[in-house]
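Q: Right, I'll just put the structure down here and ask away after.
The values are calculated or read from the model by the stated rules, or taken from the named source; none is laboratory data. Quick caveat, the model's predicted, so the values are computed rather than measured. Because the Cβ atoms are built from the backbone with ideal geometry, glycine has one as well, and the counts that use them run over all protein chains shown. To get the accessible areas, we keep the full protein, side chains included, count just its heavy atoms, and leave off ligands, DNA and RNA. Shrake-Rupley method; radii C 1.70, N 1.55, O 1.52, S 1.80 Å.
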Amino acid sequence: MRIGITCYPTYGGSGIVATELGMELAHRGHEVHFISYANPIRLDPDTPGIYYHEVEVSTYPLFQYPPYCLALASRMTEVAERHRLDLLHVHYAIPHSIAALLAKQMTTGRRLPFVTTLHGTDITLVGADRSYFPITKFSIEQSDGVTTISEYMQKRTLEFFGIDKPIEVIHNFVNCSLYRPEPEAQSRGRKRIVHISNFRPVKRVLDCIHVFAKVREQVDAELHMAGDGPDRGPAEWLAQQLGVEEHVRFLGKQDHIYRLLPRMHALHLPSEMEAFGLAALEAMACGVPPVATRAGGVPDLIQDGVDGFLEPVGDIDGQAKRLVSLLTDPALHSSMSRAARETAMKRFCTDLIIPQYEQHYRRVLAG
Ligand code: GMT
């Protein structure tokens with residue numbers, strides 16, 4: 001198949017899933033054309049079968065807001081016609097889905113169906129906003145295929161938008177050969193907790209610091225904060241206020257998470273809302289048990305007390321207690337680490353999930 005993929009190319013789960021999906025599809029012999037305003041961060045442009053088409057957004061003094069959606073639709077149409085694309089697959093509804101609908105209508109000489117994958121905040125935050133609700137609902141209804149990444153998201157989208165249309169759950173996935181445990185790397189140095197996110201308010205990054213300060217009362221541990229975003233400054237400041245700054249390392253954006261994760265002993269994901277929690281899955285594949293919040297789709301992924309822990313949002317003491325137990329009880333850590341890896345392998349491995357997308361495409365193409 002010849003597939004056009006559009007996503008946000010910056011750090012963020014939806015762009016990562018779209019990029020990994022594109023590369024896996026290319027490995028399986030498909031031709032994949034990425035259409036976006038920048039090269040997606042995890043995209044290896046050297047991969048055979050991968051092509052990248054940049055969207056240029058020209059500006060004009062009259063425009064207070066340059067119309068990216070229109071430039072994207074034009075570029076999608078041009079790429080679809082020139083490279084004879086079979087379909088478009090857009091990740092994150094806004095504005096990609098509407099751009100795909102326009103491209104479908106503008107494309108001449110061929111049918112160009114499009115699939116929309118809903119990732120989380122496109123429904124729970126942005127799509128729920130009064131300004132975007134009608135267009136989000138419309139774009140989902142107009143999509144030739146709709147998928148989402150957890151049962152929670154499926155239910156929430158159907159209920160919230162009152163949509164009478166099948167939405168297929170295709171879970172996020174992880175490459176279990178690349179993301180794998182390295183017991184040797186874990187055995188060196190102090191105990192290490194890791195947090196990975198885009199440091200937006202929904203991630204409750206400050207909870208990481210509060211919880212870590214509690215953990216430090218009992219364990220000589222380090223906290224590694226990977227990623228960047230609006231709450232990075234406040235988190236650094238809070239670490240100083242709580243007197244733990246010399247034990248917290250702010251790593252900034254990391255391109256090779258699969259190298260960082262296996263050295264860690266636990267992942268902390270205290271999010272207010274998480275449609276799935278890709279960072280937790282990647283950690284689990286590396287045998288790093290997550291301590292996460294019972295929010296959104298996270299319980300679809302983590303079985304509390306078996307392959308990780310789930311605690312209420314904002315429960316600093318509860319989350320700290322779980323992290324302390326993982327860092328101080330080797331038997332608990334090793335059984336949870338094994339179970340986490342097993343969950344990743346048995347339910348979310350690339351080989352299980354990518355064929356579900358191929359199947360979805362075939363159904364859409366069959367009309
Ligand atoms: O919140 C983010 O990390 C960004 C956001 C995105 O769409 O880029 O992530 C969402 O998609 C990820 C990949 O499918 C999911 O793993 C995240 O749970 C989801 N984030 C939220 O729902 C807050």
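Q: Can you tell me the accessible area per residue over region 15-67, all protein chains present, probe 1.4 angstrom, in square angstrom?
A: Averaged over the residues of region 15-67, the accessible area is 54 Å².
Q: Could you work out the pair-distance distribution P(r) of the chain from its alpha-carbon pairs, with 20 angstrom bin width and percents rounded to whole numbers?
A: 29, 55, 15, 0
Q: Of all accessible surface on the chain at a 1.4 Å probe, what whole percent is carbon and sulfur?
A: Carbon plus sulfur share of accessible area: 50 percent.
Q: Return the calculated 222 nm mean residue ellipticity for the chain, to the nearest 500 deg cm²/dmol, obtained by summing -39500 (n - 2.57) across DSSP H runs with n ≥ 4 and dividing by the residue count.
A: About -12500 deg cm²/dmol.
Q: Please turn the phi angles of region 38-45 into ³J(HN,Hα) values with the Karplus equation 6.51 cos²θ - 1.76 cosθ + 1.60 (θ = phi - 60°), one per residue in order, whole Hz, x for glycine and proline.
A: With coefficients 6.51, -1.76 and 1.60, one gets 7, 5, x, 4, 9, 7, 9, x Hz.
Q: Here is a follow-up. Can you give the FRET efficiency to the nearest 0.05 for LEU158 and GLN303, using r as the Cβ-Cβ distance and R₀ = 22 Å? Walk me through the numbers before you get to the answer.
A: Values: r = 25 Å, r/R0 = 1.12.
Once the sixth-power term is evaluated, E becomes 0.35.
Q: Here is a follow-up. From largest accessible area down, sort HIS27, HIS360; use a 1.4 Å probe on the protein chains.
A: Values: HIS27 135, HIS360 15 Å².
Correct descending sequence by accessible area is HIS27, HIS360.
Q: Still on this structure, I have one more. If the cut-off is a Cα-Cα distance under 27 Å, which lysines reach LYS155, setting aside same-chain residues fewer than 8 apart in sequence?
A: Here the lysines satisfying the reach criterion relative to LYS155 are LYS137, LYS165, LYS203, LYS346.
Q: Hey, what do the phi angles of region 321-338 turn into as Karplus ³J(HN,Hα) couplings, whole Hz, using 6.51/-1.76/1.60 and θ = phi - 60°, x for Gly and Pro?
A: 4, 5, 5, 4, 5, 5, 7, 10, 10, x, 5, 4, 4, 6, 6, 6, 5, 5
Q: Per residue, how large is the accessible surface of region 262-320? Use a 1.4 angstrom probe and give square angstrom.
A: Numbers: 1290 Å² over 59 residues.
Per residue, region 262-320 has 22 Å² of solvent-accessible surface.
Q: Also, I was wondering about something else. Using 0.36 nm times the number of residues separating GLU272 and ARG259, minus their current alpha carbon distance, what extension gain do you get?
A: Here the answer is 2.0 nm.
Q: Would you please give the residues with an amide H less than 5 Å from that of ALA275, counting only those at least 5 places away or on a separate chain, with H modeled from the backbone geometry?
A: GLY297
Q: Now for a separate question. Whose amide H sits under 5 Å from the amide H of GLY308, counting only residues 5 or more places off or on another chain, with H placed in the peptide plane?
A: The list, which skips near neighbours in sequence, is GLN303.
Q: Right, something else. Seen from all sides and averaged, what is the projected area of the convex hull of the Cα atoms in region 103-186, in nm²? Can you show the working numbers first?
A: Details: hull surface 34.9 nm².
Approximately 8.7 nm², given one-decimal rounding.
Q: Alpha carbon centre of region 271-339 versus region 12-49: separation in Å?
A: 29
Q: OK, next. Can you work out the Karplus-derived ³J(HN,Hα) for every residue in region 157-174? Use 6.51 cos²θ - 1.76 cosθ + 1.60 with θ = phi - 60°, whole Hz, and x for glycine or proline.
A: 5, 4, 5, 5, 9, x, 8, 10, 7, x, 10, 8, 7, 10, 5, 5, 9, 9
Q: Taking the Cα centre of the chain as the origin, how large is its charge dipole in debye, to the nearest 20, when only Lys and Arg (+1) and Asp and Glu (-1) carry charge on their Cβ atoms? Provide the component values of the computation, followed by the final result.
A: Numbers: 38 positive and 43 negative charges, 75 e Å.
So the magnitude is around 360 debye.
Q: Then there is this: Could you please state, rounded to a whole Å, how far the C-alpha centre of region 57-88 is from the C-alpha centre of region 177-197?
A: Distance between centres, Cα-based: 42 Å.
Q: Let me ask something else about it. Could you work out how far the C-alpha centroid of region 140-158 sits from that of region 344-364, in angstrom?
A: Here the two parts' Cα centres lie 16 Å apart.
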